[in-house]
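Enquirer: Have a look at this one.
No lab work stands behind these numbers, since they all come straight from the coordinates. The shown structure was predicted, so the numbers you read here are calculated from the model rather than taken from an experiment. All Cβ positions, glycine included, derive from the backbone under ideal geometry; neighbour counts span all protein chains shown.
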Amino acid sequence: MTFYEQHREFIEELERITPEGVRIEWSGDTLIMQASPSNIHQLNVAQVRRQFEQHAPDGYLPSERSEIVSPDVSKGREPDLTYLPLDVLSQPGNKAPAAEALIAVEIVSPSNPGNDWMDKLHDYAVMRIPLYLIVDPRQQTVTLFSEPNHDRYHTRSDRKFGDAITIPEPFGFSLSLSKLVPYTE
C-alpha cells in the first residue's frame with residue numbers, strides 16, 4: 001500500500017468517527033478540523049452561489065460538500081463552493097479530482113483566517129484550480145486569484161463589499177458584492 005493510500009484510509013476512518021457538523025481537510029501531513037460554519041458564512045456562500053449558477057458552463061454544477069483531491073501532490077480540500085462536471089458529481093462518495101474543479105470559493109473563518117489566506121491559497125495553486133475566490137467578511141473584501149503556476153497564483157484582483165469583481169471565463173460575468181454580509185463580532 002502506498003503512502004497516499006494509507007493516508008487516505010486513515011482520513012476515511014477519521015471521517016467515519018467524527019461528529020456530524022465537523023469538517024475535515026488534509027494537506028500533506030496536516031489535518032484541519034473545523035466546526036460547522038455560522039449563519040453569516042452560509043449566507044455569503046448562498047449569495048455567491050446564486051450569481052455563479054446563472055453563468056456556470058453547461059454540464060457543471062455547484063457543490064458545497066465535495067472534497068477536492070490531488071493524489072499527485074497529497075492534497076485534499078473541501079471548498080465552501082466549487083463547480084464540477086455532472087459526471088464527477090454522479091460518482092459515489094464526496095471525492096472529486098482537482099483537475100475537474102473550475103473554481104474554489106472560500107468564506108474566511110473568523111477563527112482561522114490563515115487557513116484560507118495562506119494554506120488553501122498555496123494548496124489550490126498546487127492543485128492547479130484555475131480560480132480561487134476568497135470572501136473575507138472580517139475585512140469586507142473579496143479577492144480573486146487566477147493563473148495558477150506551481151505553488152502560487154500569478155493574478156490577483158481585490159474588491160470591497162459593495163463593489164463588483166470580474167469573474168473570467170468559463171463563467172465570464174461581473175459578480176456583485178453588494179449583498180455580502182460582514183461578520184458582526
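Enquirer: Which is farthest toward the positive dipole end of the chain among S38, S157, I129, measuring Cα position about the Cα centre, with Cβ charges +1 (Lys, Arg) and -1 (Asp, Glu)?
Expert: The residue sitting most towards the positive pole is S157.
Enquirer: For the chain, find the longest principal axis of its Cα atoms and tell me its angle to the long axis of helix 3-17, 0 to 90°, nearest 10.
Expert: Relative to the chain, helix 3-17 is tipped by roughly 70 degrees.
Enquirer: How far, in nm, would the chain grow between Q91 and A56 when pulled straight, counting 0.36 nm per residue and subtracting the alpha carbon separation? Display every interim value, and only then the final one.
Expert: Numbers: separation 35, 0.36 × 35 = 12.60 nm, distance 2.00 nm.
Extra length available between Q91 and A56 comes to 10.6 nm.
Enquirer: Run the simple label-point estimate for E9 and Q139 please: 7 Å along Cα→C-beta, distance reported in nm.
Expert: If labels sit at E9 and Q139, their model points lie 4.2 nm apart.
Enquirer: Starting with the fewest neighbours, write out D163, D136 ranked by other beta-carbon atoms found within 10 Å of each beta-carbon. The partial results should precede the final answer.
Expert: Values: D163 15, D136 23.
Arranged by neighbour count, lowest to highest, D163, D136 become D163, D136.
Enquirer: While we're looking at this one, here's another question. Quick check: the angle from helix 39-53's long axis to the longest principal axis of the chain, C-alpha only, nearest 10 degrees?
Expert: Relative to the chain, helix 39-53 is tipped by roughly 80 degrees.
Enquirer: Follow-up question, since we're still on this one. Could you order the peptides 150-159, 48-57 from most to least packed, using the average number of other C-beta atoms within 10 Å per residue? Mind showing how you got there, number by number?
Expert: Working: 150-159: 13.2, 48-57: 15.2.
My ranking of the peptides, most packed first, is 48-57, 150-159.
Enquirer: Just how large is the dipole of the chain about the Cα centre, in debye to the nearest 20, putting +1 at every Lys and Arg Cβ and -1 at every Asp and Glu Cβ?
Expert: Values: 17 positive and 28 negative charges, 117 e Å.
Its charge dipole is roughly 560 debye.
Enquirer: Stretch D158-M118 to full length: gain in nm at 0.36 nm per residue minus the Cα-Cα span?
Expert: Details: separation 40, 0.36 × 40 = 14.40 nm, distance 1.59 nm.
Length gained, D158 through M118: 12.8 nm.
Enquirer: If you restrict to DSSP beta bridges whose two residues both lie in the stretch 38-176, what percentage is antiparallel, to the nearest 5? Working shown, then result.
Expert: On the way: 27 of 35 bridges.
So the antiparallel bridges in the stretch 38-176 amount to around 75 percent.
Enquirer: Next question, about the same structure. Hey, can you grab everything whose amide H is under 5 Å from the amide H of A164? Only 5+ residues off in sequence or another chain; H modelled, so Pro and N-termini drop out.
Expert: Those qualifying (amide H under 5 Å, at least 5 residues apart or on another chain) are L177.
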